[in-house]
Amino acid sequence: MADHDSELIELGRRVVERARQKGADVAEAVVSEGSHLSTKVRLGEPELVEEAGSRALGLRVMLGQQVAVSYTSDLTDRGVERFVEDALELARLSQPDEHAGPPDPSLLSRREDHPELRLYDAAVGTVDAGTALAHAKAGEAAAREADARITNSEGATFTRAAGSKALVTSGGFAAASRGTYASLSVHPVADDADGKKRSGYYWTARRHLAELLPDADVGREAARRTLAKLGARKVETQECAVVFDPDVGRSILGLLAGCINGGAIWRRSSYLVDKLGERVASDLVTVTDDPLIAGGPGSRPFDGEGLASRRNVVVENGILKSYLLDTYAGRKLGMPSTASASRGASGGVGPSTTNFVLTPGAMSPEALLASTPRGLYVTEMMGFGFNAVTGDFSRGAAGFWIEGGEKTFPVSEVTISLNLHAMLEGIDAVADDLDLRTSVATPTFRVRAMTLAGR
């Protein structure tokens, strides 16, 4: 693996040197390669087998404060030569930007200081199409056999991916990282009494193959969640408490992620502009962006500009402590980078989250539910209704009606709404069931009151 990383780094070095020789003041190359396998079965029969590999080169060059980014998958000597020339020509045509420039070289991290984060599992790459299909078939079969009311299926999918990325800059940074990811999802369908079809799903995902849930467990849980939807109905329009299941809670946290992004802040397209140090959520809310979680789906040893990864506290006990910034956004706002730069395959750079997490509370999700006299437990949201500038939020929802601390019947075809600021300030309970299947994650949490539009 070390030899492979060295090969990617060496290619990046050659490109950076060539760009500098041709006149670039700054050159930064990212070399990426990856493989992906996706399989799907439906009703026990294979429906999709898709496997692909890629290798590409992204480049950012600067001539003074004129900047250009470019991308190619032609890694022949002639192709790379033409690629570098084209990138420099684009830079000459661009308008100068007074905030453009690389990070201070003294801030760049060193390879020997990068932590081991358990991002790569060689076993993931050994999963061939036949094995992947077998996982998907086993998951779907367990769902279909769980109950006679499971009459159909939207299929089961098993995917695995592996990738490597090297970053080399003229400022003196050169390092590579590699990661894997595998997942299984099952989507059964049940017949409801009114002739409607009710579909549900469950899934498991991890960087390490051995940490996935057993296929049969995923299928049975998918069936249980699907059957729980039978008999779903609307409820009266009202104001009530709303409990968010972790699978939908991360959608709410994802809205906050977009609003604390440095790009949104300097563009003034976020309701959190000029809110540092102010209360933006209840004191139960602490949100961190932590790229150093071992095995985390968003973990990384260094950011997209070569700065050492670090944990950032974004909201602490309800107080907004930090935006997430790369070097450019930091300069626009007169603040230092938070080592939050992300660099895409094209070579472009911008701030982003890593493992963006709502810190768990001390109570179990069962205790949280039991402490809710009346309200809606949300397991699904549909559509997209959010204005980042004002914070206004409204989305279709489905889940279960809570009465006396228990789920009593399934609910569908309702809408929940409230301004995001008020929603975060209204969080009055946070459970302890955080599961890092995705890089934006929350435990179960409850908002004191939201507007529910039903019948």
Legend entry - Wholly within segment 120-210, strands (runs of 3 or more DSSP E) carrying at least 1 residues that are modelled with pLDDT of 95 or more and of a type in the set (A, V, I, L, M): 150-169, 174-191, 202-206
Legend entry - Looking only at segment 332-376, and only at residues there that are surrounded by fewer than 19 Cβ atoms within 10 Å (Cβ to Cβ) and charged (D, E, K, R), the one that is farthest from SER412 (Cα to Cα): LYS332
Inset, instruction - Could you identify the single residue in ARG310, ARG300 that is surrounded by fewer than 19 Cβ atoms within 10 Å (Cβ to Cβ), not in a strand (DSSP E or B) and not β-branched (Val, Ile, Thr)? - result: ARG310
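Name every residue in segment 226-249 that is part of a helix (DSSP H, G or I) and over 30 Å from ILE293 (Cα atoms), in order of residue number.
Result: THR226, LEU227.
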Legend entry - Pairs with Cβ under 8 Å, 6+ apart, first in segment 370-387 and on the phi < 0 side of the Ramachandran plot, second of a type in the set (Lys, Arg): THR372/ARG446; TYR377/LYS407; THR379/ARG225; MET381/ARG395; MET382/ARG395; PHE384/ARG395; GLY385/ARG395; PHE386/ARG395
Legend entry - Inter-residue pairs, beta-carbon under 6 Å, first in contact (Cβ under 8 Å) with a residue 40 or more places away in the chain and in segment 110-131, second in a helix (DSSP H, G or I), 6+ apart: ASP121/LEU209; ALA123/LEU209; VAL124/LEU209
Inset, instruction - Considering each residue of segment 1-48, count those that are in contact (Cβ under 8 Å) with a residue 60 or more places away in the chain, under 30 Å from SER153 (Cα atoms) and of a type outside the set (A, V, I, L, M, F, W, C), and give that number. - result: 9
Inset, instruction - Please go through segment 104-119 and pick out each residue that is part of a loop (DSSP other than H, G, I, E, B) and buried (at least 17 other Cβ atoms within 10 Å of the Cβ). - result: SER109, LEU117, LEU119
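Residues LEU212, LEU272: which one is touching a helix residue (DSSP H, G or I) at 6+ places or on another chain (Cβ under 6 Å), of a type in the set (A, V, I, L, M, F, W, C) and not assigned by TED's automatic domain parsing to the domain that holds SER439?
Details: LEU212 fails: touching a helix residue (DSSP H, G or I) at 6+ places or on another chain (Cβ under 6 Å).
Only one candidate passes the filter, namely LEU272.
A quick yes/no check of all residues on (1) assigned to a strand (DSSP E or B); (2) on the phi < 0 side of the Ramachandran plot; (3) surrounded by 18 or more Cβ atoms within 10 Å (Cβ to Cβ):
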residue: THR408; (1), (2), (3): yes, yes, no
residue: SER412; (1), (2), (3): yes, yes, yes
residue: ALA422; (1), (2), (3): no, yes, no
residue: VAL430; (1), (2), (3): yes, yes, yes
residue: LEU436; (1), (2), (3): no, yes, yes
residue: PRO443; (1), (2), (3): no, yes, yes
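At pLDDT 95 or above and more than 26 Å from ALA341 (Cα to Cα): which single residue out of LEU213, LEU256 fits that description?
Details: LEU256 fails: more than 26 Å from ALA341 (Cα to Cα).
Going through LEU213, LEU256 in turn, the sole match is LEU213.
Restricting attention to segment 178-197, which residues are out of contact with any Gly (no Cβ under 9 Å at 6 or more places or on another chain) and either buried (at least 21 other Cβ atoms within 10 Å of the Cβ) or not hydroxyl-bearing (Ser, Thr, Tyr) (or both)? First the steps, then the outcome.
Of the residues in segment 178-197, the ones out of contact with any Gly (no Cβ under 9 Å at 6 or more places or on another chain) are 182-183, 191, 195-197.
Listed by number, the residues that qualify are ALA182, ASP191, GLY195, LYS196, LYS197.
If you go through segment 57-104, how many residues are charged (D, E, K, R) and under 32 Å from the mean Cα position of the chain (by Cα)? Working first, answer last.
Residues of segment 57-104 charged (D, E, K, R): 60, 74, 77-78, 81-82, 85-86, 89, 92, 97-98, 104.
Now drop any that are not under 32 Å from the mean Cα position of the chain (by Cα), which leaves 60, 74, 97-98, 104.
Residues flagged as charged (D, E, K, R) and under 32 Å from the mean Cα position of the chain (by Cα) within segment 57-104 amount to 5.
Taking segment 341-382 only, how many residues are small (Gly, Ala, Ser), in a strand (DSSP E or B) and over 17 Å from the mean Cα position of the chain (by Cα)? Give the derivation first.
Of the residues in segment 341-382, the ones small (Gly, Ala, Ser) are 341-342, 344-348, 350, 352, 361-362, 364, 367, 370-371, 375.
With in a strand (DSSP E or B) added as a condition, the list becomes 341-342, 350, 375.
From the residues that got through so far, the ones that are over 17 Å from the mean Cα position of the chain (by Cα) too are 375.
Count: 1.
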Inset, instruction - Scan segment 320-329 for residues that are surrounded by fewer than 22 Cβ atoms within 10 Å (Cβ to Cβ) and either farther than 20 Å from TYR271 by Cβ or out of contact with any Leu (no Cβ under 9 Å at 6 or more places or on another chain) (or both) and jot them down. - result: none
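Among the strands (runs of 3 or more DSSP E) lying completely within segment 1-103, list those that include at least 1 residues that are of a type outside the set (Val, Ile, Thr), surrounded by 18 or more Cβ atoms within 10 Å (Cβ to Cβ) and touching a Cys at 6+ places or on another chain (Cβ under 8 Å). Break it down stepwise before answering.
Working: elements: 26-42, 45-63, 66-72.
Those strands (runs of 3 or more DSSP E) do not exist here; none qualify.
Count, please, the residues in segment 316-340 that happen to be part of a strand (DSSP E or B) and in contact (Cβ under 8 Å) with a residue 40 or more places away in the chain. Give the derivation first.
Restricting attention to segment 316-340, the residues satisfying the condition of being part of a strand (DSSP E or B) are 316, 319-320, 324.
Then keep just the ones that are in contact (Cβ under 8 Å) with a residue 40 or more places away in the chain; that gives 319-320, 324.
Here the count works out to 3.
Considering GLU278, GLU239, which residue is farther than 28 Å from GLY404 by Cβ, touching a strand residue (DSSP E or B) at 6+ places or on another chain (Cβ under 8 Å), surrounded by fewer than 16 Cβ atoms within 10 Å (Cβ to Cβ) and of a type in the set (Asp, Glu)?
Working: GLU239 fails: farther than 28 Å from GLY404 by Cβ.
Residue meeting the stated conditions: GLU278.
The values are calculated or read from the model by the stated rules, or taken from the named source; none is laboratory data. The structure presented is a predicted model; accordingly, all values stated were derived computationally and were not measured. Cβ: placed from backbone, ideal geometry, glycine included. Neighbour counts: every protein chain shown.
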